[in-house]
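Visitor: Input: one structure, supplied below.
The values are calculated or read from the model by the stated rules, or taken from the named source; none is laboratory data. As the structure is a computational prediction, the values presented were derived from the model and not from experiment. All Cβ positions, glycine included, derive from the backbone under ideal geometry; neighbour counts span all protein chains shown. Note: accessible area is taken over every heavy atom of the protein model, side chains too, but ligands, DNA and RNA are not part of it. Shrake-Rupley method; radii C 1.70, N 1.55, O 1.52, S 1.80 Å.
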Amino acid sequence: QVQLVESGGGLVQSGGSLRLSCAASGSIFPVNVMGWYRQTPGKQREFVARITSGGSTYYADSVKGRFTISSANAKNTVYLEMNSLKPEDTAVYYCNAVSRTSDWGQGTQVTVSS
């Protein structure tokens with residue numbers, strides 16, 4: 001099982017930026033994919049972005065051109081640079097890592113005020 005620790009959430013005004021970080025540890029198997037998902041009350045968790053161990057990136061249409069996912073593989077760390085934030089980006093953001101299992105972080109709150 002992979003332990004994931006997220007950081008970087010907070011309160012920002014519309015149009016602002018935030019950078020989320022997620023550090024993975026404890027896996028005895030290679031981590032193949034790391035990604036970010038988000039969830040608001042009463043809604044299902046939704047995909048935001050992911051990056052493979054080979055460096056391929058994928059984004060939800062709602063964040064393309066505004067969010068950038070990157071990784072420091074040697075440190076098993078993934079980042080989410082969020083620019084031009086909108087109130088609808090407000091959510092709890094969860095880090096996910098896929099190795100032999102799919103594991104989740106505890107979540108970090110992102111609030112965008114209008």
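Visitor: What's the number of the only condition in (1) open to solvent by less than 20 Å² (accessible area, probe 1.4 Å); (2) without any contact (Cβ under 8 Å) to a residue 60 or more places away in the chain; (3) of a type in the set (S, T, N, Q) that S21 fails to meet?
Guide: Checking S21 against (1) open to solvent by less than 20 Å² (accessible area, probe 1.4 Å); (2) without any contact (Cβ under 8 Å) to a residue 60 or more places away in the chain; (3) of a type in the set (S, T, N, Q), the one that fails is (1).
Visitor: Across region 38-64, what is the number of residues that are closer than 20 Å to G107 by Cα, open to solvent by 80 Å² or more (accessible area, probe 1.4 Å) and either among the polar types (S, T, N, Q) or assigned to a loop (DSSP other than H, G, I, E, B) (or both)?
Guide: Total satisfying the criteria: 5.
Visitor: So, in region 80-110, exactly how many residues are open to solvent by 50 Å² or more (accessible area, probe 1.4 Å), modelled with pLDDT of 95 or more and part of a strand (DSSP E or B)?
Guide: 3
Visitor: For region 24-37: of the residues being assigned to a loop (DSSP other than H, G, I, E, B) and not aromatic (F, W, Y), which is least open to solvent (accessible area, probe 1.4 Å)?
Guide: It comes out as V31.
Visitor: So, in region 70-99, how many residues would count as being over 9 Å from the mean Cα position of the chain (by Cα) and under 21 Å from F29 (Cα atoms)?
Guide: Of the residues in that region, 11 qualify.
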